[in-house]
1. Filter the stretch 107-146 down to the residues that are surrounded by fewer than 18 Cβ atoms within 10 Å (Cβ to Cβ) and more than 29 Å from residue 176 (Cβ to Cβ) and list them by number.
2. Does any residue of the stretch 177-187 turn out to be over 22 Å from residue 84 (Cβ atoms) and assigned to a strand (DSSP E or B)?
3. If I filter the stretch 284-302 down to residues being surrounded by fewer than 21 Cβ atoms within 10 Å (Cβ to Cβ) and not hydroxyl-bearing (Ser, Thr, Tyr), which single residue comes out as modelled with the highest pLDDT?
4. Mind telling me which of the residues 41, 83 ends up being buried (at least 20 other Cβ atoms within 10 Å of the Cβ), over 21 Å from the mean Cα position of the chain (by Cα) and closer than 25 Å to residue 272 by Cβ?
5. If a residue counts only when it is in contact with a helix residue (DSSP H, G or I) (Cβ under 9 Å, 6 or more places away or on another chain), which strands (runs of 3 or more DSSP E) contained entirely in the stretch 273-379 have at least 3 such residues?
6. I want to confirm something. Restricting to the stretch 304-321 and keeping residues that are among the small types (Gly, Ala, Ser), over 14 Å from residue 216 (Cα atoms) and touching a strand residue (DSSP E or B) at 6+ places or on another chain (Cβ under 6 Å), which single residue is surrounded by the most Cβ atoms within 10 Å (Cβ to Cβ)?
7. Check residue 104 against each of (1) under 24 Å from residue 346 (Cβ atoms); (2) outside any loop (DSSP other than H, G, I, E, B); (3) without any contact (Cβ under 8 Å) to a residue 40 or more places away in the chain and name the one condition it does not meet.
8. Mind telling me which of the residues 48, 18, 44, 69 ends up being at pLDDT below 85, over 18 Å from residue 366 (Cβ atoms) and outside any loop (DSSP other than H, G, I, E, B)?
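The values are calculated or read from the model by the stated rules, or taken from the named source; none is laboratory data. Since the structure is predicted, the reported quantities are computational estimates derived from the model, not experimental observations. Here the Cβ positions follow ideal geometry from the backbone for every residue, glycine too, while neighbour counts run over all protein chains shown.
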Amino acid sequence: MPGNYSAHVISPQAASPAPTPQAAVRGVGSLVCRFVPDAAIDDALVRAWQDLATRAAEPNPFAEAEVVAPALRHLGDGRRTGILAVGDGARLLAVLPVVWPVVAPLGPRGRLPLPLAQVPVQPYRPLGTPLVDADEPVAALDALLRPPRSFPAPALLIRNFGEDGPVAAALDQALAARGQRALRTKTYERALLEREGGPTPNKNRKNRYNRLRRHRADLAEALGEVAVVDRSEDPAAIEDFLRLEDSGWKGRAGTALAAAGSHATWFREVTAAWRAQGRLEVLSLEVAGRSAAMICNVSVGTASFHLKSAYDESLSDHRPGSLLVLHCVETVAGGPFDWRDSCTVPDNTLFNQLWPSRRRLSTVVVPMRGRTGTVAVTGIEGARWVGRLPGRARAALAARDADDAGPTPALGVVEEALRHV
């Protein structure tokens, strides 16, 4: 279960250089919180980052330098980025990538900047939990939330924040000691597969397993032997995956990795780094000399995280993609992983139907600095509360807002912006 970790983690950044990249510094006791623009991240900082990885409270492969550094080169969107790094001398206790401004879309052409910095959400970053030292998580997070005065935002937005592990508990403890609290704007669950301790599959789930086994038998009868092949150490597997994904609906929709050359380049770099570390898992469902489905995962200790999957649509009647997910269920007891995170959206039907456990995540708005951060988070919470009022009460407040000559945005504008938080 995501709570007992033996973690190897590294951490991130995100895209555009500051004019004069110099770290801003603020001390909290013996700990120092620095803001480092992405252009100022050097080899010494990365090495300290990697050392922190061996002491991390929770695993997050999507926050590693191997993932984020290529993202800075290939997936940037032009916003300002950097990292908040908490250290005691040369030793790091926390690292968090940040990007700003956070801009909420309003209608077809409107945009509203929000008083937030954000942990960057690239298309392939399904976990936002920060990298924090396992021995001093509360002190590290307390320092992290006291950035230098030059840091531009009073509050921090973290999506896909893991709620079941020690980092969430340490965050709440650090805030409570300062008389503050985080605002959970959304809390949701996604599928998890555990070797031990998870719920026993119910009758409906067992029936789904049996139906998929019949599909597998039908596929073998139609085309020959069906086998799951581990291609983790085969560099050609990544090119085969890119072609397979591009041949299906993702290619037609323009969302396949190969549809954007920069995304494919990022994927090649990331998977090559994971392969060199022995952490890449590429499984291929093979039949009649071809790949019917492929899945790419990354491991952190005894945990596995799903990144991408694809299947041959000409064989869709046999459910080849589902058969690979079933394979994970059938092999988890004797496999190397204590748990597998699906890393999917909450309503993903495939994983939800086949994997019985769940992990809880939130979208979290966290105050920084003190009173300024509290005011920012309280304002967001109040506007969201107003948005949930019955229509008549909301209309009355909107009318009062229209009569107000002050600078407060119209209630409807705030409401619409907060749909994105």
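1. Listed by number, the residues that qualify are 107, 108, 109, 110, 111, 112, 113, 123, 124.
2. So the first thing to find is which residues in the stretch 177-187 are over 22 Å from residue 84 (Cβ atoms), and the list is 186-187.
Subsequent filtering for residues that are assigned to a strand (DSSP E or B) retains 186-187.
Yes, some residue in the stretch 177-187 is over 22 Å from residue 84 (Cβ atoms) and assigned to a strand (DSSP E or B).
3. The qualifying residue modelled with the highest pLDDT is 286.
4. Numbers: 83 fails: over 21 Å from the mean Cα position of the chain (by Cα).
Answer to the selection: 41.
5. Values: elements: 280-287, 290-300, 303-311, 339-341, 357-367.
Result: 280-287, 290-300, 303-311, 357-367.
6. Of all residues in the stretch 304-321, those among the small types (Gly, Ala, Ser) come to 304, 309-310, 314, 316, 321.
Those still in the list that are over 14 Å from residue 216 (Cα atoms) too: 304, 309-310, 314.
With touching a strand residue (DSSP E or B) at 6+ places or on another chain (Cβ under 6 Å) added as a condition, the list becomes 304, 309-310.
On the way: 304: 25, 309: 20, 310: 27.
It comes out as 310.
7. Condition not satisfied by residue 104: (3).
8. On the way: 48 fails: at pLDDT below 85; 18 fails: outside any loop (DSSP other than H, G, I, E, B); 44 fails: at pLDDT below 85.
Result of the check over 48, 18, 44, 69: 69.
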